[in-house]
Amino acid sequence: MERNDHCLDLIDRLNDYLDGELSAASCAELEEHLRQCPECQELLASLQQTVDLLHHLDDLPPPLPPALEDRLIHQMQQQMPFKQH
Amino acid sequence: MPGPIIDLSLYDDEQALLAGLRRGDPDACTCFVKRFAPLVYARALHLLGDADDAENVLQTTFIKACAALPEYTGAGSLSSWLYRIASNEGLMLLRQKRPQVALDAVGELAPDETALPHKTTWAIDPARNVLDGELRREIAQAIAELPDALRTVIVLRDIEQLSTEETAERLGISPGAVKVRLHRARLRLREALARYVEASSSDR
């Protein structure tokens, strides 16, 4: 099935669907459409993957550049306003 | 010059780390930075899209956290507390730098959103592939290229994983506006990823 105006209308709801923020009636309408429209199924799947990637983007952040880390540690150790004398 | 080797596991426990910081132990400072700074910096970089600005936010965040430590009650995790300071600092910096383009301005959103998304099928395992540096850089670049109004929403909603309501509150916009922007931002990032996946597969 080629995309049509109905698809365009439903595309606007795909993210709410992914986030579980769609009403039950809209959910049922969207799911009915998805069963018949492989194009929208693919779009939903790739949007889901995009969101999953973003959720995992900071799972293992790269280490700080060493010079920046050294500056920050030095700055913190100089600061220490909380130090109990 | 590398500093002395220290045992980072000494402060694995958050309460021990807090106690170490409060008594001014330099090793606790080092552990605090090594443990939390990479993620604070990564989040700031996503939010601001600029390395100098991200470094600025990183330093301010740790200075403010130090100053606030005596009053920190330990409710919630230390990391959530720090990331909240960092995203508030980041949003403040954005507003200062671009006062002429408010974060709630819809005018800066390009009117290209009615186009049907690019047709392509692809499958990426997110948990494995974000460890791939090239894909991570590609996503980071695509996020950096979004207009501020879209980038701030996607960072708070999909990277920091705040709720629609919390995101709306932080940005001072309505939950409806958050949803519209999130939708546009996700479609744009999906397009960027689709182009990347297509280009990578045609290279093989």
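Do the conditions hold for B:Ser200, that is, is it more than 19 Å from B:Ser87 (Cα to Cα) and more than 12 Å from every other protein chain (Cβ to nearest Cβ)? Yes.
If you check B:Pro147 against the conditions, is it more than 12 Å from chain A (Cβ to nearest Cβ) and surrounded by fewer than 22 Cβ atoms within 10 Å (Cβ to Cβ)? Yes. Of the residues B:Arg190, B:Arg181, B:Arg170, B:Arg195, the single one that is open to solvent by 30 Å² or more (accessible area, probe 1.4 Å), over 19 Å from B:Leu39 (Cβ atoms) and either touching a residue at least 40 places away in the same chain (Cβ under 8 Å) or among the basic types (Lys, Arg) (or both) is B:Arg195. Selection over the stretch B:23-33 of residues that are open to solvent by 10 Å² or more (accessible area, probe 1.4 Å) and at the interface with chain A (Cβ under 7 Å from one of its Cβ atoms) gives a count of 3.
Tally the residues that are open to solvent by less than 30 Å² (accessible area, probe 1.4 Å) and of a type in the set (Gly, Ala, Ser), restricting the search to the stretch B:49-67.
Quick first cut of the stretch B:49-67, residues open to solvent by less than 30 Å² (accessible area, probe 1.4 Å) only: B:53-54, B:57-58, B:61-62, B:65-66.
Imposing the further condition that a residue be of a type in the set (Gly, Ala, Ser) reduces the set to B:54, B:65.
Qualifying residue count for the region: 2.
When residues in the stretch B:6-53 are screened for being part of a helix (DSSP H, G or I) and touching a residue at least 60 places away in the same chain (Cβ under 8 Å), 7 of them pass. Please work out if A:Asp5 is at pLDDT below 90 and more than 26 Å from B:Ser163 (Cα to Cα). Criteria met by A:Asp5. For the stretch B:154-167: of the residues being touching a residue at least 12 places away in the same chain (Cβ under 8 Å) and in a helix (DSSP H, G or I), which is nearest to the other protein chains (Cβ to nearest Cβ)? Across the stretch B:154-167, the extreme among qualifying residues is B:Asp158. Is there a residue being within 24 Å of B:Leu156 (Cβ to Cβ), charged (D, E, K, R) and open to solvent by 80 Å² or more (accessible area, probe 1.4 Å) anywhere in the stretch A:59-79? Yes, the conditions are met somewhere in the stretch A:59-79.
The values are calculated or read from the model by the stated rules, or taken from the named source; none is laboratory data. Because the structure is a prediction, the values reported are computed rather than measured. Positions of Cβ are generated from backbone atoms using ideal geometry, with glycine treated the same way; all protein chains shown enter the neighbour counts. Surface areas here come from the heavy atoms of the whole protein model, side chains and all, with no ligands, DNA or RNA. Shrake-Rupley method; radii C 1.70, N 1.55, O 1.52, S 1.80 Å.
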